[in-house]
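So that we are looking at the same thing, I have put the structure below in structure tokens.
Every number here is computed from the coordinates shown, using simple stated rules; none is lab data. In this text, all values refer to a predicted model and were calculated from it rather than measured experimentally. No Cβ is skipped: glycine too gets one built from the backbone with ideal geometry, and neighbour counts run over all protein chains shown.
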Amino acid sequence: MTLSFNLVPGHPGGLWLANPVLTASGTCGYGVELGEIIDIQRLGAIVCKGITLHPREGNPQPRVAETPAGLLNSIGLQNIGVEALIRDMAPLWASWRVPVIVNIAGESAREYREVARRLDGVPGVAGIEVNISCPNVAQGGMEFGAKPRPAARVVAAVRKATGLPLLVKLTPNGADMPAVARAVAEAGADALTVMNTILGLAIDTTQRKPFFPAVKAGLSGPAIKPIALYHVYEVARAVSVPVVGCGGIASATDALEFLMAGATAVQVGTATLVNPKAPLEVLEGLEAYLKQKNIADVRELVGAAAKA
Amino acid sequence: MEVIDARVLSREELLPELFFIWLEAPTIAREARPGQFLMVSCGVHKDPLLRRPLCVSRLAPMGNGQTPDRLALLFSVRGRGSLSLGQCQTGDCLSILGPLGKPFRLERASRKVVLVAGGTGLSPLGGLAEEAVRQGKEVTLLLGVESATKMFPPRVIPQGVRLEVASMDGSMGHKGLVTELLAAHLAGADQCFAVGPLGMYKTLARIRPSLPPVPIQISLETRMACGTGLCFACSVPTRQGLRLSCKDGPVFALDEVLWDRL
């Protein structure tokens with residue numbers, strides 16, 4: 001039974017993962033935090049918290065609210081900055097078996113490029129996930145990801161700055177996702193993560209004002225799974241680069257749905273916040289399914305429901 | 001830290017919407033210290049989705065042993081999660097994750113400690129009081145309640161402490177805020193521990209300059225999603241920069257937190 005695969009077949013060096021179960025950015029800290037709770041070395045890859053050129057404090061409290069089967073967050077990219085990441089985190093990652101992909105964000109194409117340039121060649125950094133889809137920052141983030149041209153501009157800038165495998169994390173908000181996907185694939189993306197959170201709002205009825213100081217927030221969790229699944233299906237048909245499914249995946253059955261819709265891998269996110277063992281349980285469930293159905297290679301499932 | 005299914009040994013509704021629940025949780029109870037918390041699952045079928053942070057209120061052995069293997073939760077209904085949790089029955093299993101966070105730092109050398117509980121702030125302080133009494137310390141518990149009708153029954157008041165009550169309507173003990181009792185009791189104390197709502201901490205921070213310079217620890221739970229340091233939701237502004245309530249706290253020094261930013 002084969003679970004391992006090359007996440008980025010179009011990249012000269014490739015990036016071989018032991019299995020298709022990854023963590024989603026923002027739900028495993030810098031990997032170290034989740035590593036204190038579960039055996040993360042068994043996972044396909046860790047995608048760490050979004051990082052920017054300079055440290056960011058993020059948004060004021062409150063930062064999360066629960067919704068029916070979902071979670072609204074307005075963290076605002078609190079992070080230690082790329083220099084501290086290279087100094088304090090990368091050396092730890094270099095000793096790990098599981099590859100670490102660094103999620104990067106910025107307020108300008110130049111900032112994305114600069115973060116990518118600094119990460120290039122750093123031992124312990126296996127790849128970059130370009131976050132053009134964060135809804136919780138005043139500038140940059142999602143506004144790059146909503147239209148094909150700005151999205152491609154950021155990805156092209158990052159592509160020039162690094163030879164690392166590049167994933168690009170897309171937004172469902174206000175975007176023609178297949179069009180953005182084609183543009184960023186052409187600009188040098190090796191794979192696409194579909195998708196980031198969906199814009200949402202909560203109102204504090206006692207105070208008659210938005211619940212979050214930053215007003216808008218990103219919705220994640222089981223509530224958004226069918227939407228993410230639909231976008232994976234559409235994007236996977238539009239581009240030839242691999243698609244990594246992300247959005248509400250909490251079980252092996254969820255993961256199977258994403259694989260069959262056309263994803264070559266999945267990211268487990270909000271589920272990990274509820275149950276830290278969730279990524280391992282998804283992996284174990286996937287293994288059990290392959291064994292039970294006598295499937296030799298997990299890649300046989302990819303796009304199985306999208307071929308018609 | 002572990003995720004386990006803990007069996008409900010007993011469940012009492014002490015007052016309307018105030019619950020006291022004992023759980024069988026040997027692996028967690030023997031690791032847990034007063035001040036630490038658990039993330040407790042309160043939903044079925046992913047709703048409510050998130051676990052709820054609840055302090056470990058008491059630790060005790062099931063039989064005659066010395067090692068704690070059961071633990072108690074003391075909480076009032078604040079929303080859908082706690083409402084649903086309160087409906088559990090003896091014999092049910094609750095998925096709990098813990099122990100989490102940093103415990104209270106009770107110094108061996110402290111002889112006299114003062115505990116200040118605002119309402120269900122009594123929860124973690126109950127366990128701390130028992131620990132302090134066991135260590136032979138002189139313990140004063142200042143307890144603030146809405147009114148005499150909201151007073152906790154004697155069996156959840158830790159034994160061996162000197163108890164002073166304040167009620168908002170004056171129906172029991174001092175009339176007014178529990179923090180108003182502090183000035184009279186803090187002199188001569190080695191340590192103080194306060195747990196209550198955010199407003200109580202802000203009051204403490206404001207009256208701090210007029211109080212004897214006794215170190216005060218508080219337990220602050222900003223709104224959490226994971227409770228395990230993964231999501232960065234529960235940030236706390238401190239003099240040393242942003243900290244996480246779940247990992248760096250929930251116990252902080254009162255003077256360390258930047259209260260005007262919360």
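How large is the convex hull of the Cα atoms of segment B:112-261 per residue, expressed in Å³ as a whole number?
120 Å³
Put one equal scatterer on each alpha carbon of the protein assembly as shown, apply the Debye formula with no solvent term, and list log10 I(q)/I(0) at q = 0.06, 0.07, 0.08 1/Å to two decimals.
Evaluating at q = 0.06, 0.07, 0.08 Å⁻¹ gives log10 I(q)/I(0) of -0.33, -0.44, -0.57.
Calculate the spin-label point distance for A:Ser251 paired with B:Arg7, positioning each point 7 Å from the Cα along the beta-carbon direction, and give it in nanometres.
2.7 nm
Cα-based Rg of chain B per 2.2 N^0.38 Å, rounded to two decimals?
For chain B, the normalised Cα radius of gyration comes out at 0.96.
May I pose another question? Can you give the charge dipole size of chain A about its Cα centre, rounded to the nearest 20 debye, using +1 on the beta carbon of Lys and Arg and -1 on the beta carbon of Asp and Glu?
For chain A, the charge dipole is close to 600 debye.
Taking R0 as 41 Å, what FRET efficiency do you get between B:Leu262 and A:Ala179 from their Cβ-Cβ distance, rounded to the nearest 0.05?
0.40
Oh, and also: I want to verify the translational diffusion coefficient of chain A in µm²/s; compute it with Stokes-Einstein, Rh as the Kirkwood radius over Cα pairs, at 20 °C and 1.002 mPa s. Don't skip to the answer; put the middle values down first.
Working: Rh = 18.9 Å.
Diffusion coefficient, whole number: 113 µm²/s.
Could you tell me which residue out of A:Ala217, B:His174, B:Ser110 lies farthest along the dipole of the protein assembly as shown toward its positive end? Charges go on the beta carbon: Lys and Arg +1, Asp and Glu -1, centred on the Cα centre.
Farthest towards the positive pole: A:Ala217.
By how many degrees, between 0 and 90 and to the nearest 10, does the Cα long axis of helix B:198-207 differ from the longest principal axis of chain B?
Once rounded, the angle reads 20 degrees.
Still on this model: Taking R0 as 60 Å, what FRET efficiency do you get between B:Asn64 and A:Glu186 from their Cβ-Cβ distance, rounded to the nearest 0.05?
0.25
With only alpha-carbon atoms in the gyration tensor, what are the semi-axes of the equivalent ellipsoid for segment B:2-100, in Å, largest first?
On the way: eigenvalues 85, 43, 29 Å².
Value: 21, 15, 12 Å, ordered largest first.
Sum -39500 (n - 2.57) across every DSSP H segment of at least 4 residues in chain B, then divide by the residue count to get the 222 nm mean residue ellipticity, nearest 500.
It comes out at -4000 deg cm²/dmol, rounded to the nearest 500.
Turning to a different aspect of this structure: Could you work out how much longer the chain between B:Arg80 and B:Arg223 gets when fully extended? Use 0.36 nm per residue separation minus the Cα distance between them, nm to one decimal. Write down the numbers at each step before the final one.
Numbers: separation 143, 0.36 × 143 = 51.48 nm, distance 1.49 nm.
Full extension of this stretch gives 50.0 nm more.
Please give the FRET efficiency for A:Arg117 paired with A:Ser95, using the beta carbon to beta carbon distance and R0 = 30 Å, rounded to the nearest 0.05.
For R0 = 30 Å, the calculated efficiency reads 0.80.
Let me ask another. Please give the contour-minus-distance gain from B:Thr27 to B:Val133: 0.36 nm per residue of separation, less the Cα-Cα distance, rounded to one decimal in nm.
Computed gain between B:Thr27 and B:Val133 is 35.7 nm.
Taking the Cα atoms of segment A:176-239, report the difference between the largest and smallest coordinate on each principal axis, in whole Å and largest first.
Principal extents (largest minus smallest coordinate, Cα): 48, 24, 16 Å.
So for segment B:2-100, taking the charge dipole from beta-carbon charges (+1 Lys/Arg, -1 Asp/Glu), which of B:Pro34, B:Pro61, B:Thr90 sits furthest toward the positive end?
It is B:Pro34.
Show me the trypsin sites (Lys or Arg not before Pro) within segment B:176-261 that DSSP assigns to loop and that have at most 16 other Cβ atoms within 10 Å of their Cβ.
Listed in order of number, the matching sites are B:Arg223, B:Arg239.
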